[in-house]
Amino acid sequence: MKAAALIDVLAALDCKLEVADGKLRIEGSAPPPEPLLALVQTHKQALIEHLRPPAMWTPADWRDFHNERAAIMEYDAGFSREHAEEEALQECFRLFAGRRATPRMTPGMTPG
C-alpha cells in the first residue's frame, strides 16, 4: 500500500498522521485496528517522507497541498466543502509550524 493511500484510509477512520521531531504520531478519536497499525509500522519511513514537506515550498506548493487535502477530506471522508477546507488549512498550519526551514515566500505574503 502506498503512503498516500494509507493516510487516506486512516483519515476515513478519523485518524491523522503527523511527523513531530522526526517521529510518526497517530491522533484520532480511537486507535486504528491492529492490521492497520501493522501497515503503518511496516511503511513508517515512507509515511514520514510523504508527510514531511520539502525544505522549500513555494506559495503554489502550499496551495496545491491544501487543495489536495481538502478534496480528499470532502470526497473520501464525506466532509462538507467548507469543513474540508478548514481542516486542510489547519493541516497546513501544523505542517508549517513543525518545519525547520522557512518556505520561500513572495513579497507581501505571510505564512499563516
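For segment 1-52, a Kirkwood radius taken over Cα pairs fed into Stokes-Einstein (37 °C, viscosity 0.692 mPa s) yields D = 304 µm²/s. Taking amide H atoms as placed 1.01 Å from N in the peptide plane, the amide H of G28 lies under 5 Å from those of K16, each 5 or more residues away in sequence or on another chain. Phi angles of segment 33-49 translate, via the Karplus equation with coefficients 6.51, -1.76, 1.60 and θ = phi - 60°, into HN-Hα couplings of x, 3, x, 6, 4, 5, 5, 4, 5, 4, 9, 3, 5, 5, 5, 4, 5 Hz per residue; Gly and Pro are given as x.
Each value in this text was obtained by applying a stated rule to the coordinates, not by laboratory testing. All values derive from a computational prediction rather than experimental measurement.
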